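The values are calculated or read from the model by the stated rules, or taken from the named source; none is laboratory data. Nothing here was measured: the structure is a model prediction, and the numbers come from that model. Please note: Cβ atoms are built from the backbone with ideal geometry, for glycine as well, and neighbour counts cover all protein chains shown. Just so you know, the surface numbers come from the protein's heavy atoms only, side chains and all, with ligands and any DNA or RNA stripped out. Shrake-Rupley method; radii C 1.70, N 1.55, O 1.52, S 1.80 Å.
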Amino acid sequence: MNHFAVMLTLLRDRPTFLDEIRRNIKIERKSFSLLVSSCLFFAIYGAIIGSSSSWLQAISSAIKLPALYLITLVICLPTLFFFDILFSSKLGLGQYFVLLLTTMSTISVLLFSFAPITLFFLISIHDYGFFLLLNVAIFALTGFVGVRLFYNGMQQISNHGQSLKPALSEPIPSAETTAMLDAPTERAAKRPIMATDADLPVERVAVAKKDDLYATRVRLLKFWLVLYALVGSQLGWTLRPFFGAPGETFQLFRAIEGNFYSTVFRTLWTLLGFN
Amino acid sequence: MHSRLDDLRITTHELDTITGLDISDVFMGRAVRPSVFRTPPRLLSFVVSEIMTLGLIVIFCLPASLVIAKSIPGFTDSAANTIQFLQISVGISLGIFAVWNGYLWFCSNALKTLAHLLEDVDKHNEIIDALQVLDELTAVRNSTTQLDAESTFSLDDRIGVLQALGATHESLVSGLMTERVLRKHQRSLARRHDLFTNIETNLATLQSLQLNHAANDYGHLLNDALQIGMSVRREIEQLK
């Protein structure tokens, strides 16, 4: 039961939870608890969507859905970690792992909260295409919210230690200031007014450099999030079926054909009556 | 009175700080506490934790193997292929689970001294629990009868027990710190000597208290505290 308490702490007091991750407090216990609780929630939702076909499909989806998020995390973790430490991040691999697990946990809880709605539509509407698209929408929405919270959390953690920032009342173009350090004479010639380089407080230059690094890390994070979405959707396509098409016998896997986006587009097209 | 007892209690938070590990009823860091196998509720927690670990490994391995297997030429959706795939995947999962448990066992062996000290901490906290119960019983008895010579006598004994528990608390903290120092910085001999001297002094205090109060109601609590003190010294001597 303690595992769910950790999950509840994350949901109720996210800033404190993230701060504990930053300070490396009980990382292993947090990892295990978040893994256990999120996998359970994913498994329940997976079983519901799989039950639209058969009980074998329900078991299969209950294993596949947690694996989809877990394997995506494992595939994308090294990219995030190594790119971030390249730009002065002080966090360890374990801390990044837990940070990603917070995303996974948030998505799992949101999916779990959608479970009654999915179950209702599963019972009341027997339309495979509609059910498929409804779930794509739910997955997209929960994924977006989870990733958004992860993005905010990463910014909160990256922003920590930039306490000097508010002390800067005058705006300094960060790229210019950094360049001034490298080529002071050339820059000074281009600057008609203001103080000399010697007057420039060391702290300001340090903060400007830090700002540059921070901006780079934010750009990298945005790039990584796109990568995460691409890997996730492709892996989902590779691991299908999650739903099980009507009238077909149980399949553990299907041959790789087409891609995720073209299939969603085709289903939507058919549902709207254009085919 | 209770706040003084609570001060003497060694909390999980304190243990985490002193040992530098995440201490729970079942685990100390990644290692399994040996007391798990002697206490049924803890054993149940451990078994549940093992089942969850195996579940997580299966959840990860099965679909990951599926992704790899799909890229192998000739791998089809036939029943024979599926059964063979499941057998291999479950076999790999069980193999990883066995390796993980071997690693846990290795970690537990490296932290034997800490495990013994943690058992002493549990005993120390149990004595405090017992004393709290005794306090409550005394309060009930005093509310029903007038204060007499006997209850005044037990108040003196209580002070003795508190002194003993204070010494035990210090010994345990010193023991845990010594263990951490030795575990993390093998060369810090000077610090180790100071901590060991502290443990010796506390043990002497415990022995004198035990002699003074051996014959009364609190005697067994003092005896328990003395046993803890001696156990701490024994563990630290082994480390020397």
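Each residue in region A:10-39 was checked for being open to solvent by 50 Å² or more (accessible area, probe 1.4 Å) and touching a residue at least 60 places away in the same chain (Cβ under 8 Å), and 5 of them qualify. Pairs linking a residue in region A:201-223 that is under 19 Å from A:Lys90 (Cβ atoms) and among the aliphatic types (A, V, I, L, M) to a residue that is open to solvent by 60 Å² or more (accessible area, probe 1.4 Å) and in a helix (DSSP H, G or I), with Cβ atoms under 7 Å and 6 or more positions apart or on different chains, are A:Val207/A:Lys165; A:Leu220/A:Phe83.
Among A:Ile107, A:Ile85, which is the only one that is open to solvent by 50 Å² or more (accessible area, probe 1.4 Å) and not aromatic (Phe, Trp, Tyr)?
Working: A:Ile107 fails: open to solvent by 50 Å² or more (accessible area, probe 1.4 Å).
It is A:Ile85.
So that you can scan it fast, the table gives a plain yes or no per residue for (1) within 12 Å of another protein chain (Cβ to nearest Cβ); (2) free of Cβ contacts under 8 Å to residues at least 12 places away in the same chain:
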{"site": "B:Ile57", "(1), (2)": "yes, no"}
{"site": "B:Phe75", "(1), (2)": "yes, yes"}
{"site": "B:Phe85", "(1), (2)": "yes, no"}
{"site": "B:Ile88", "(1), (2)": "no, no"}
{"site": "B:Phe97", "(1), (2)": "no, no"}
{"site": "B:Gly102", "(1), (2)": "no, yes"}
{"site": "B:Phe106", "(1), (2)": "no, yes"}
{"site": "B:Ala110", "(1), (2)": "no, no"}
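Residue count for region B:59-91 under the criterion of being part of a helix (DSSP H, G or I), open to solvent by 40 Å² or more (accessible area, probe 1.4 Å) and of a type in the set (A, V, I, L, M): the result is 8.
Within region B:27-39, identify whether any single residue is within 11 Å of chain A (Cβ to nearest Cβ) and over 30 Å from A:Ala62 (Cβ atoms), and answer yes or no.
Kept after step one, since they are within 11 Å of chain A (Cβ to nearest Cβ), are these residues of region B:27-39: B:27, B:29-30.
Now drop any that are not over 30 Å from A:Ala62 (Cβ atoms), which leaves B:29.
Checking region B:27-39: at least one residue is within 11 Å of chain A (Cβ to nearest Cβ) and over 30 Å from A:Ala62 (Cβ atoms).
What do you reckon, is B:Arg9 touching a residue at least 40 places away in the same chain (Cβ under 8 Å) and in contact with a strand residue (DSSP E or B) (Cβ under 8 Å, 6 or more places away or on another chain)? When the stated conditions are applied, B:Arg9 does not pass them.
The residues listed here are B:Asp129, B:Asp122, B:Asp135; of these, the one that is more than 13 Å from chain A (Cβ to nearest Cβ), open to solvent by 60 Å² or more (accessible area, probe 1.4 Å) and either in a helix (DSSP H, G or I) or more than 30 Å from B:Thr19 (Cβ to Cβ) (or both) is B:Asp129. Scanning region A:38-79 for residues that are of a type in the set (Val, Ile, Thr) and within 14 Å of chain B (Cβ to nearest Cβ) yields A:Ile44, A:Ile59, A:Ile63, A:Ile71, A:Thr72, A:Val74, A:Ile75. Do the conditions hold for B:Leu44, that is, is it out of contact with any Leu (no Cβ under 7 Å at 6 or more places or on another chain), open to solvent by less than 20 Å² (accessible area, probe 1.4 Å) and within 29 Å of B:Thr19 (Cα to Cα)? Taking the combined requirement at face value, the residue does not satisfy it. Selection of region A:232-266 for residues being within 12 Å of chain B (Cβ to nearest Cβ) and open to solvent by less than 40 Å² (accessible area, probe 1.4 Å) yields A:Leu235, A:Gly236, A:Trp237, A:Thr238, A:Leu239, A:Arg240, A:Pro241, A:Phe242, A:Leu252, A:Phe253.
Condition check for B:Ile59 on (1) modelled with pLDDT of 90 or more; (2) closer than 20 Å to B:Leu104 by Cα: one failure, at (2). Within the set B:Thr53, B:Thr82, the sole residue that is within 20 Å of A:Ser61 (Cβ to Cβ) and polar (S, T, N, Q) turns out to be B:Thr82.
Take B:Thr17 and decide whether it is more than 14 Å from chain A (Cβ to nearest Cβ) and open to solvent by 30 Å² or more (accessible area, probe 1.4 Å). No, not satisfied. Against the numbered list (1) farther than 18 Å from B:Ser24 by Cβ; (2) in contact with a helix residue (DSSP H, G or I) (Cβ under 6 Å, 6 or more places away or on another chain), B:Val90 comes up short only at (2). Taking the listed residues A:Thr103, A:Thr79, A:Thr72, the one that is in contact (Cβ under 8 Å) with a residue 12 or more places away in the chain and under 30 Å from A:Glu248 (Cβ atoms) is A:Thr72, with no other qualifying. Within region B:38-51, at least one residue is of a type outside the set (D, E, K, R) and either at pLDDT below 85 or outside any helix (DSSP H, G or I) (or both). For region B:4-13, a residue qualifies if it is more than 11 Å from the chain's Cα centre (by Cα) and open to solvent by less than 60 Å² (accessible area, probe 1.4 Å), and the qualifying residues are B:Leu5, B:Leu8, B:Arg9.
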